[in-house]
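Quick note: the coordinates plus some simple rules give every number you see, no bench work behind them. None of the values given here were measured: they were computed from a predicted structure. Because the Cβ atoms are built from the backbone with ideal geometry, glycine has one as well, and the counts that use them run over all protein chains shown.
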Amino acid sequence: MEIPDFQAYRGSEPPQFQNGAELECAKILDYYAVPWQYEPRTFVLEEGPDGRPTEAFTPDFYLPEQDLYLEVTVMKQSLVTRKNRKLRKLRARYPSVNIKLFYKHDIERLAQRYRLDLAS
Amino acid sequence: MPDTARALAGANARADAGAGPVGEVYLRRDEIAARVAELAAQIDDDYAGCDPILVGCLKSSFVFLADLSRALGIVHRIDFVELAGYGGRDTGGSSAIRLLKDLDLDVVAQDVLLVEDVVDTGLTLYTLTRTLGLRQPRSLAAVTLFDRPYRRLVSDLPVRYVGFTVPDEFFVGYGFDLDERFRNLPDIHLARVGDGG
């Protein structure tokens, strides 16, 4: 996966994208000069009796100017039950954290919209 | 002119007829006109005596801008901008967004009202407000025909007037295109696009 020279990236380490949808999302954010970070924070969702984390969640993007976390998934919407459950846990435990889940459907719409110049 | 009316009616009839890309009517022209009149009345009140500049964001907003302008009672000026759209996988990284067409008017100390077809993720409006904000207008606000607030990625956008909050569908007609076609349809239709995601 070829990583472009991002201009609006605000992280210290080069981003290691998991899939093409994450890269595409990063390129769109960068194109519109929206500052972004990649996986800057892991949220602990559950701890064991010894206090060690047993479940955690790391959103893909953080937009610091928007104070918004963005999770991108390429799974079909019907298969994201586990991820949705994690998001519910995160929202319950960290109610002040703003996070949005972008499904495969949303990314495809976004890319299609910008490429085809449809009703964007 | 009767021939024009017949031609427009014919275009809609053909669009509705088969399994083409133009689907059912989502908003009729009379519904759009009524809402545009309401928006114009609000803007008339808010900008009374201000001589604002309406800035249309090309291309899809041109029909909405034309109707809104004619519905306004206040004196106003019109200008246009066009941003280069995101070009897909070959874009991004070192390729930053740019203006394909800049304003002709000077907006310093002026009241600027951006006229958008739709605000979705907000990325386009974010770019425009940052770009035009640097030119020190007296005020900067936006009116949009369609809004999808549930898809917003950027906040603090100056969206002051909204025509309709719409579902996550593609539309054609009334300025909205499908591969640069069907902008002329007087009603707004649902578009049948690919597999629909």
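List of remarks:
- Centroid-to-centroid separation of the stretch B:45-64 and the stretch B:115-166 [C-alpha atoms, Å]: 13 Å
- Between A:Val74, A:Tyr9, A:Gln37, the Cα set farthest toward the positive side of the dipole of chain A (charges on each charged residue's Cβ, about the Cα centre) is that of A:Val74.
- Extension gain for the segment A:Leu79 to A:Thr58, taken as residue separation times 0.36 nm less the Cα-Cα distance, is 5.7 nm to one decimal.
- Residue-count net charge about B:Leu113 - beta-carbon cut-off 14 Å; Lys, Arg +1, Asp, Glu -1: -4
- Here each label is just a point 7 Å from Cα along the line to Cβ, and for B:Asp45 and A:Val97 those points are 4.3 nm apart.
- In order through the stretch B:108-114: 3J(HN,Hα) via Karplus (6.51 cos²θ - 1.76 cosθ + 1.60), integer Hz, x for Gly, Pro: 4, 6, 9, 8, 10, 10, 6
- Reach of B:Lys101 by Cα under 24 Å, taken over lysines that are not fewer than 8 positions away in the same chain: A:Lys27, B:Lys59
- The phi torsions of the stretch B:120-129, fed into the Karplus equation with coefficients 6.51, -1.76 and 1.60 and a -60° offset, translate into couplings of 10, 5, x, 5, 5, 5, 4, 5, 5, 5 Hz, rounded to whole numbers, with Gly and Pro shown as x.
- Taking a ≥ b ≥ c as the square roots of the eigenvalues of the Cα gyration tensor, chain A is prolate, since a/c reaches 1.5 or more and a/b is larger than b/c.
- Solvent-free Debye calculation, one equal scatterer per alpha-carbon of the stretch B:54-197: log10 I(q)/I(0) at 0.12, 0.14, 0.18 Å⁻¹ equals -0.51, -0.70, -1.18.
- Label zone of B:Glu24 (point 7 Å out along Cα→Cβ, amide N under 11 Å): in the stretch B:154-191 this covers B:190.
- Residue-averaged beta-carbon neighbours from other chains (10 angstrom radius) around A:51-60: 0
- Phi angles of the stretch B:148-162 translate, via the Karplus equation with coefficients 6.51, -1.76, 1.60 and θ = phi - 60°, into HN-Hα couplings of 10, x, 6, 9, 5, 9, 10, 10, 6, 8, x, 7, 9, 10, 10 Hz per residue; Gly and Pro are given as x.
- Charge-dipole axis of the stretch B:65-168 as Lys and Arg at +1 and Asp and Glu at -1 on Cβ define it, positive-most pick from B:Tyr126, B:Val112, B:Ala66: B:Tyr126
- Oblate is the label for the stretch A:37-103, because the ratio a/c of its alpha-carbon gyration tensor axes (a ≥ b ≥ c) is 1.5 or higher and a/b is not greater than b/c.
- Seen from every direction in turn and averaged, the convex hull around the alpha carbons of the stretch B:155-197 projects onto 4.4 nm².
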